[in-house]
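The values are calculated or read from the model by the stated rules, or taken from the named source; none is laboratory data. Since the structure is predicted, the reported quantities are computational estimates derived from the model, not experimental observations. Note that we place each Cβ from the backbone using ideal geometry, even for glycine, and neighbour counts take in every protein chain shown.
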Amino acid sequence: MAPRSSALTGEIPATTIATTMPWQSRREGELQVLSLGESLAMDSRQVDAAIDQLCQIVTRQPSLRWAVMASSIPMLGSANIARLITLVRQLHTAGGKLILVAPLPAVSVVLMLARLDRLLPMKPDLAAAAAD
């Protein structure tokens, strides 16, 4: 499946993970919102692929404010957390930001216990992300 783009709306092209987990991209106010289809049955390999694609998409335009709808990501291992921290630092340098929106408890608790919620901000919904 080829990436799609819209020159009129300025949307970021949707990217496909394998062939079953496309990142959907849309603009909402100041936020560029990325979301996956509902897929709570992702295994660790699929999560790795999703994070790989997320990093590729976001680094194309690092100066944007990115809101990642994280409710479809069932877990984050240490390697993926490290990749997200690196991504957040790259965005910060370029004037951008990454916000995890509505992460599942398995993700948010791990980040909070490791005190990484300061580096990887989490918000309960898009309204809270937009206000950040």
Within the range 40-73, tally of residues that are in a loop (DSSP other than H, G, I, E, B), over 25 Å from A130 (Cβ atoms) and in contact with a strand residue (DSSP E or B) (Cβ under 9 Å, 6 or more places away or on another chain): 1
Tell me which of these L76 doesn't satisfy, since it passes every other one: (1) of a type in the set (A, V, I, L, M); (2) outside any loop (DSSP other than H, G, I, E, B); (3) at pLDDT below 95. (2)
Just to be sure I understand, how many residues within the range 103-132 are crowded, with 17+ Cβ neighbours inside 10 Å, aliphatic (A, V, I, L, M) and assigned to a helix (DSSP H, G or I)? 6
Odd one out for G95, checked against (1) at pLDDT 95 or above; (2) on the phi < 0 side of the Ramachandran plot: (2)
Does any residue in the range 32-60 that is within 24 Å of L91 (Cα to Cα) and at pLDDT 95 or above come within less than 9 Å, Cβ to Cβ, of a residue that is among the charged types (D, E, K, R) and part of a strand (DSSP E or B) six or more places away or on a different chain, and which pairs are these? Q32/E11; Q32/R26; Q32/R65; V33/R26; V33/R27; L34/R26
Filter pass, L100 being assigned to a strand (DSSP E or B) and not basic (K, R): yes
Does at least one position in the range 12-31 carry a residue that is at pLDDT 90 or above, in contact with a Phe, Trp or Tyr (Cβ under 7 Å, 6 or more places away or on another chain) and closer than 25 Å to P124 by Cβ? no
If you go through the range 78-93 one residue at a time, do you hit one that is surrounded by fewer than 17 Cβ atoms within 10 Å (Cβ to Cβ) and of a type in the set (D, E, K, R)? yes
